[in-house]
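J.: A single structure is presented below for examination.
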Amino acid sequence: MMSVLLLAALTTPASAQTGTIKGTLDPCDAAATLAVVDRATGKKYAAQLDEASGQFEVADLPLAGAFDILIEAGASRVEGIDLSVPRSDYEEEQPLSEDDARSIKRKVAALNQFEDTVEVLAVEGNIQHAAVLVNKLRTKPFYGSKPGEIVWRVELWHFERPDETWVKARDELFLTLHRERLAHAAYKRNSVTFAPRLGGIRLSTDSPTADVGTIQLPPAESGVRVLLEDKP
């Protein structure tokens, strides 16, 4: 039995053991850098960009975890974000209501004590599970801070509703996407767009290649925002 398993492993094509994410940047910015990141591990994989066609590819990716695409083009940054959640227990999926979203936003604000500015960029999910993208600032002086210095954090939280009340997911704290100390003036020059269409990309032996299609970079306007659109 051991020899049979070993033979199978040796004869399995390498392409079935790794995966590829590809797409097209249109228009192509020759100075742009592209990569994909596994947020759980923080490991990044650089993309190869064809400047003539705008096509890019990240090969030899492990068939595990979920990947977000990262694009830096001049002063602009686009980041994939995984706002997917588990299905609810209902036979027919029940959507997240506006009342649910408002309740979750209030709870997010109440759970933040250090930051004085808390902005919920997105709440996505269903009647039992929700993913929440939060942009937070500490603009007031803090221990060891310099004049004009702030703390900027972007976090992905998950909520669940086991009964009638929404509670923060108990099996995790949160996923930190950004955590920086910087001058407030520098923060105001940030141009960061989170794109769910470019996040949560999963590969498998049955589907080792993911094509995200054409990516059009948003205008390089200052601010931190989320671009909600349907996945292809």
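Values quoted throughout were computed directly from the atomic coordinates according to the rules given, and no laboratory measurement underlies them. Bear in mind the structure is a predicted one, so any value in this text is a computation, not a measurement. Neighbour counts run over all protein chains shown; Cβ positions are idealised from the backbone, glycine included.
J.: Would you mind checking the pairs 44/105; 44/168; 107/146; 136/188; 105/168 and listing those with alpha carbons more than 22 angstrom apart? It would help to have the intermediate numbers written out before the result.
T.: On the way: 44/105 31 Å; 44/168 28 Å; 107/146 31 Å; 136/188 13 Å; 105/168 11 Å.
Over 22 Å Cα-Cα: 44/105; 44/168; 107/146.
J.: What does the extension gain come out to for residue 222 and residue 183, with contour length at 0.36 nm per residue minus their alpha carbon separation? Show your work: numbers first, answer last.
T.: Values: separation 39, 0.36 × 39 = 14.04 nm, distance 1.49 nm.
Fully extending the segment from residue 222 to residue 183 adds 12.6 nm.
J.: In debye, nearest 20: dipole of the chain around its Cα centre with unit charges on the Cβ of K, R (+) and D, E (-)? Could the numbers behind the result be given before it?
T.: On the way: 26 positive and 35 negative charges, 237 e Å.
Using only the charged Cβ atoms, the result is roughly 1140 debye.
J.: Have a look at 187, 215, 204 and report the one farthest towards the positive end of the charge dipole of region 178-229, computed about the Cα centre with Cβ charges (Lys/Arg +1, Asp/Glu -1).
T.: 187
J.: Using each residue's phi in region 137-150, evaluate 6.51 cos²θ - 1.76 cosθ + 1.60 at θ = phi - 60° and report the 3J(HN,Hα) Karplus result to the nearest Hz, with x for Gly and Pro.
T.: 10, 10, 9, 6, x, 9, 4, x, 6, 9, x, x, 8, 10
J.: Enumerate the amide H contacts of residue 122 below 5 Å, restricted to partners 5 or more residues apart or on another chain; note that Pro and chain-start residues carry no placed amide H.
T.: 133
J.: With springs connecting C-alpha atoms under 10 Å apart, model the chain as a Gaussian network and identify which of 41, 117, 214 has the largest mean-square fluctuation.
T.: Result: 41 has the largest fluctuation of those listed.
J.: Tell me, what ³J(HN,Hα) does each residue in region 84-100 have, in order and in whole Hz, if you take phi through Karplus 6.51 cos²θ - 1.76 cosθ + 1.60 with θ = phi - 60° and put x for Gly and Pro?
T.: 6, 9, x, 5, 6, 7, 6, 4, 9, 4, 10, x, 6, 8, 5, 5, 4
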